[in-house]
Amino acid sequence: MAGIISSPKPVICSLCPHHCCLKEGQHGNCSARGNINGKITPLFYGNLCSCHIDPIEKKPFFHVLPTAQVLSVASAGCNLHCSFCQNWSISQEIPDKSHTTRLTPENAINLAIEHSCPAIAYTYSEPLVSYEYTYNTSVIAHKKGLLNLLVTAGYIEQRPLKELCPLIDGANVDLKGITDTFYQTMTRATLKPVLESIITLKKEGVWVEITNLLIPTKNDNDKDIRALAHWVKDNCGADTPLHFSRFWPMHKTMDLKTTPPETLKRARLIAQAEGLHFVYTGNLPGDAGENTSCPSCHELLIERHGYQILQNKAPQGKCHNCGTSLPGIWK
């Protein structure tokens, strides 16, 4: 990033709100960035812990190129430390201790093109702590006509986010809870920067979908669900897709139970009552909450089962019955 000056003194990383003050040789809270010769430097640039071809629905993106296969890339490390992390084996791993594959931005784009992927997704862990790699790969992707999709917790300062936004076509932001208490106790971070990131992404013209993992006894009460849905509608608009996802006991929350299906269904009804048009249930294959219906005539348009599309009656993003345009990226 611009504005980093070489110094023999400790330097502060300005990428995210942690503002890690690092002495020579130290790495930051995320384990992916460090002070090398007086500069904040990405420590494992281009070393990917995961690289797969995935259905776009897995991210999840439900209003971006349904049925598309996308190249998913990830580097280890994260600037949040969620006790419930579903990908903790890579997000909480020190990058130099994880299995990695060397893939330059140029090679990543070539791989996407080779496999006829119309988009590349920066996903699985936290792509923003690998900011330079995400940025540089996104530049090349746009030059080659590919979309850039960001799957992120959104814990980043405004300046680097705004610099990245022109390169990002879609973002699924993991809004983990709607109270600062939840963020501080469960993620070792704070809520406000995440909310600011979501607002900025919307203002900068990025297509936004939001995911909320419903964790029993932690953020699954009606009050929090209603407050989260209300915030999304007021700040992002009624057409913003909201995905309620099913929690499985992971990492440091093995004492909790799996989210009951009834909780996800109840959350969906609450969010719909708050005025959101597109509310989905995730990790619950076969549930009606996976489907997309027309907000005008209520015709079933896209029927899903897990990551599979069973039928699509809106291939160009328009209802085949009444002609209503659906929000999103359809071509």
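None of the figures in this text is laboratory data; all of them are computed from the coordinates on show. What you are looking at is a predicted structure, and each value in this text was computed from that prediction instead of being measured. Here the Cβ is made from the backbone with ideal geometry for all residues, glycine too, and neighbour counts use every protein chain on show.
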| remark: Taking only the alpha carbons of the stretch 67-157, the radius of gyration and the largest Cα-Cα distance, Dmax, both in angstrom, are 13.2, 39
| said: Residue by residue through the stretch 277-293, what is 3J(HN,Hα) from phi via Karplus (6.51 cos²θ - 1.76 cosθ + 1.60, θ = phi - 60°)? Round to whole Hz and write x for glycine and proline. | reply: 8, 10, 10, 10, 10, x, 6, 9, x, x, 6, 4, x, 7, 8, 10, 10
| query | Over the Cα atoms of the stretch 156-313, how large are the radius of gyration and the largest Cα-Cα distance (Dmax), in Å? | reply | 15.9, 45
| query | Just how large is the dipole of the chain about the Cα centre, in debye to the nearest 20, putting +1 at every Lys and Arg Cβ and -1 at every Asp and Glu Cβ? | reply | 320
| task | List, in order, the whole-Hz ³J(HN,Hα) value for each residue of the stretch 135-140 obtained from phi through the Karplus relation with A = 6.51, B = -1.76, C = 1.60 and θ = phi - 60°; use x for Gly and Pro. | result | 5, 5, 5, 5, 4, 5
| message | Compute a Gaussian network model of the chain, connecting alpha carbons closer than 10 Å, and tell me which residue from His81, His230, His298 fluctuates the most. | response | His298
| message | For Lys318, what residues show an amide H to amide H distance below 5 Å, using hydrogens built from the backbone and excluding near sequence neighbours? | response | Leu326
| request: Would you mind getting me the FRET efficiency between His230 and His142? Use the beta-carbon distance for r and R0 = 35 Å, nearest 0.05. | output: 0.50
| Using Cα pairs under 8 angstrom and six or more residues apart, how large is the relative contact order of the stretch 1-84, in percent? | 24
| remark: Classified through the alpha carbon gyration tensor (a ≥ b ≥ c as square roots of its eigenvalues; rounded if a/c is under 1.5, else prolate when a/b is larger than b/c, else oblate), the stretch 221-269 comes out prolate
| Quick one: length gained pulling Gln184 to Gln272 fully straight, 0.36 nm per residue minus the C-alpha distance? | 28.9 nm
| message | Given the -39500 (n - 2.57) contribution per DSSP H run of 4+ residues, what per-residue ellipticity at 222 nm results for the chain, rounded to the nearest 500 deg cm²/dmol? | response | -7000 deg cm²/dmol
| remark: In the structure shown, of Lys162/Lys192; Lys203/Lys233; Lys162/Lys202; Lys203/Lys223, the pairs separated by more than 19 angstrom at the C-alpha atoms are Lys203/Lys223
| request: Please list, in chain and number order, the residues 5+ apart from Tyr280 or on another chain whose amide H is under 5 Å from its amide H, with Hs placed from the backbone. | output: Leu242, His243, Phe244
| field | Top positive-direction residue, dipole computed over the chain with Cβ charges, set Thr181, Leu242, Val151 | value | Thr181
| field | Distance histogram for the chain (every C-alpha pair counted, 10 angstrom bins, percent rounded to whole numbers) | value | 6, 26, 36, 24, 7, 1, 0
| note | Scalar couplings 3J(HN,Hα) for the stretch 161-178 by Karplus 6.51 cos²θ - 1.76 cosθ + 1.60 (θ = phi - 60°), nearest whole Hz, x for Gly and Pro, are 5, 5, 5, 7, 3, x, 9, 9, 8, x, 9, 9, 9, 7, 8, 6, x, 10
| remark: Amide H proximity to Arg33 below 5 Å, modelled H, separation 5+ or other chain, gives Gly28, Leu43
